[in-house]
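Undergrad: Structure below; questions to follow.
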Amino acid sequence: QVQLVESGGGLVQAGGSLRLSCAASANIFNIYSMGWYRQAPGKERELVATIFSPGTTNYADSVKGRFTISRGSAKNTVSLQMNSLKPDDTAVYYCNLKSRTYVDFWGQGTQVTVSS
């Protein structure tokens, strides 16, 4: 069973920055992608950003140019640098790992709150 441990998040004013990190207890050779999703109250969970094992990335249109996803040197860690945060970014952010057999694993979630 893969475990994902998230850190970061918190309360920040609009225009500020936060960094989320996630470490996976997974063999790096079994990782297809790692990424971040978010879920705001009353809304469905949505993709924020994904990074695939070769290093290619994918971002939601709403965060392009503001958020940056990266893998750590250990390759089983992923970070999300969030700049120019907006109140609409307020949500619970979840770390995701997709295995090479396309099984999804999730972190426990971390709250990000952006005040106006």
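The values are calculated or read from the model by the stated rules, or taken from the named source; none is laboratory data. Bear in mind that the values here come from a model prediction, so they are computed numbers and not experimental data. Using ideal geometry, Cβ is built from the backbone for each residue, glycine included, and neighbour counts are taken over all protein chains shown. Only protein heavy atoms, including side chains, enter the accessible area calculation; ligands, DNA and RNA are left aside. Shrake-Rupley method; radii C 1.70, N 1.55, O 1.52, S 1.80 Å.
Undergrad: For VAL63, all conditions in the list (1) closer than 18 Å to CYS22 by Cα; (2) within 14 Å of the chain's Cα centre (by Cα) hold save one; what is the number of the exception?
TA: (1)
Undergrad: Filter the stretch 43-93 for residues that are free of Cβ contacts under 8 Å to residues at least 40 places away in the same chain, β-branched (Val, Ile, Thr) and not in a strand (DSSP E or B); which is nearest to SER25 (Cα to Cα)?
TA: Looking at residues that are free of Cβ contacts under 8 Å to residues at least 40 places away in the same chain, β-branched (Val, Ile, Thr) and not in a strand (DSSP E or B), I get THR56.
Undergrad: Could you check the stretch 3-17 and list, in sequence order, the residues that are among the aliphatic types (A, V, I, L, M) and open to solvent by less than 30 Å² (accessible area, probe 1.4 Å)?
TA: LEU4, VAL12
Undergrad: Continuing with this model, one more query. Checking TYR93 against (1) under 11 Å from the mean Cα position of the chain (by Cα); (2) surrounded by fewer than 21 Cβ atoms within 10 Å (Cβ to Cβ); (3) not aliphatic (A, V, I, L, M), which single condition isn't satisfied?
TA: Result: TYR93 fails condition (2) only.
Undergrad: Sort out which residues of the stretch 96-114 are over 12 Å from LEU18 (Cα atoms), open to solvent by 40 Å² or more (accessible area, probe 1.4 Å) and of a type outside the set (A, V, I, L, M, F, W, C), and write them in order of number.
TA: Result: LYS98, ARG100, THR101, TYR102, ASP104, GLN108.
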